[in-house]
Amino acid sequence: MAYQSLLLDIRDNGVAHLVLNQPALGNPFNAAFCREIADAAGELASRRDVRAVLLRANGPYFSVGGDIKMFAQTLDTLPEQIRTWTGGLHLGVARLARLDAPIVAAIHGTAMGGAVGLFAGCDLVYCGRSVTLGGAYTTIGYTCDMGATFTLASRMGLARARRFLLLGEVLTAAEGERAGLVDYLVDDDVVVKEAEAAAIRLAQGPTRAYGELRRLMTTALGAGFERQMEDEVQGLIRAASTADAREGISAFIERRPAQFRGC
């Protein structure tokens with residue numbers, strides 16, 4: 001499928017490159033992006049050959065976040081427009097969260113507002129050393145969307161995420177790493193290379209087990225202890241029924257590297 005705001009390139013190694021692709025505009029979260037992220041996530045969910053996703057961007061910025069110029073053009077109808085835009089946006093984010101394939105983010109340049117919320121939901125975040133990260137919502141009198149309260153609290157802790165959002169903080173990459181937003185801080189010129197290498201490693205792993213873990217982590221602090229343990233058992237049973245689990249046990253007994261196939 002062709003997209004206006006994104007590129008989706010699914011490689012033979014099982015890694016899907018999901019690329020923000022409005023570089024001249026700063027890769028904003030505009031109407032096209034809100035619509036197309038749902039379609040792209042649906043396409044990823046339908047593909048059995050996708051075993052990891054690399055989220056990256058073209059141009060000098062990762063993303064400037066919400067399209068404020070678009071907001072300014074629709075002030076009189078903005079609340080209803082937001083209802084429409086977030087319908088697609090949130091469907092896309094939810095679909096990405098439900099993938100079996102782990103998601104690795106490569107962040108460069110600047111990431112503001114919703115862009116931070118988007119990559120905070122990824123499993124691994126690689127960030128260039130010169131990157132600027134901002135919680136820009138309240139600076140224009142807005143609150144956040146796309147699950148940012150959950151993803152930021154999951155990464156930073158509730159109190160630190162609250163401060164980040166309330167104050168509209170702008171962090172350096174090093175400060176983002178200390179706050180938990182960033183997993184790996186790397187030189188700017190290798191951030192995509194390092195993130196892609198991680199995605200390739202994950203694409204060689206037990207994809208369905210990864211999916212069970214990804215979904216369990218979204219309920220880890222909210223389901224209650226006994227409910228979470230039972231969900232873990234059910235996930236473990238589903239993972240144990242896969243060919244990859246059989247291969248993992250056999251490889252361990254035979255003292256050889258496992259050759260996972262994602263099924």
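The values are calculated or read from the model by the stated rules, or taken from the named source; none is laboratory data. Bear in mind the structure is a predicted one, so any value in this text is a computation, not a measurement. Please note: Cβ atoms are built from the backbone with ideal geometry, for glycine as well, and neighbour counts cover all protein chains shown.
Here are the numbers:
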| read-out | value |
| --- | --- |
| Hits in the range 58-89 (condition: closer than 19 Å to residue 136 by Cα and at pLDDT 95 or above) | 60, 61, 62, 63 |
| Looking only at the range 104-129, and only at residues there that are among the aliphatic types (A, V, I, L, M) and in contact with a Gly (Cβ under 8 Å, 6 or more places away or on another chain), the one that is surrounded by the fewest Cβ atoms within 10 Å (Cβ to Cβ) | 112 |
| Residue match in the range 242-259 (condition: exposed (fewer than 13 other Cβ atoms within 10 Å of the Cβ), over 28 Å from residue 153 (Cβ atoms), in contact with a helix residue (DSSP H, G or I) (Cβ under 8 Å, 6 or more places away or on another chain) and polar (S, T, N, Q)) | yes |
| Residue match in the range 145-155 (condition: modelled with pLDDT under 95, surrounded by fewer than 17 Cβ atoms within 10 Å (Cβ to Cβ) and of a type in the set (Ser, Thr, Tyr)) | yes |
| Residue in the range 204-218 that is free of Cβ contacts under 8 Å to residues at least 40 places away in the same chain and more than 19 Å from the chain's Cα centre (by Cα) present | no |
| Selection from the range 119-143 of residues that are at pLDDT 95 or above and either closer than 17 Å to residue 8 by Cα or of a type outside the set (Gly, Ala, Ser) (or both) | 119, 122, 123, 124, 125, 126, 127, 129, 131, 132, 133 |
| Among the residues listed as 175, 226, the single one being at pLDDT below 95 and more than 19 Å from the chain's Cα centre (by Cα) | 226 |
| Subset of the range 8-47 that is part of a loop (DSSP other than H, G, I, E, B) and touching a residue at least 12 places away in the same chain (Cβ under 8 Å) - its residue that is surrounded by the most Cβ atoms within 10 Å (Cβ to Cβ) | 27 |
| Looking only at the range 179-223, and only at residues there that are acidic (Asp, Glu) and not in a loop (DSSP other than H, G, I, E, B), the one that is farthest from residue 135 (Cα to Cα) | 212 |
| Residue match in the range 49-59 (condition: out of contact with any helix residue (DSSP H, G or I) (no Cβ under 8 Å at 6 or more places or on another chain), touching a residue at least 24 places away in the same chain (Cβ under 8 Å) and not assigned by TED's automatic domain parsing to the domain that holds residue 213) | yes |
| Hey, residue 169 buried (at least 19 other Cβ atoms within 10 Å of the Cβ), on the phi < 0 side of the Ramachandran plot and not hydrophobic (A, V, I, L, M, F, W, C) or not | no |
| Counted residues, the range 170-199 - those being under 18 Å from residue 121 (Cβ atoms) and among the polar types (S, T, N, Q) | 0 |
| Residue that is on the phi < 0 side of the Ramachandran plot and in contact with a helix residue (DSSP H, G or I) (Cβ under 6 Å, 6 or more places away or on another chain), where the choices are 104, 64 | 104 |
| Residue count, the range 73-103 (criterion: in contact with a Gly (Cβ under 7 Å, 6 or more places away or on another chain) and either within 13 Å of residue 31 (Cα to Cα) or not hydrophobic (A, V, I, L, M, F, W, C) (or both)) | 2 |
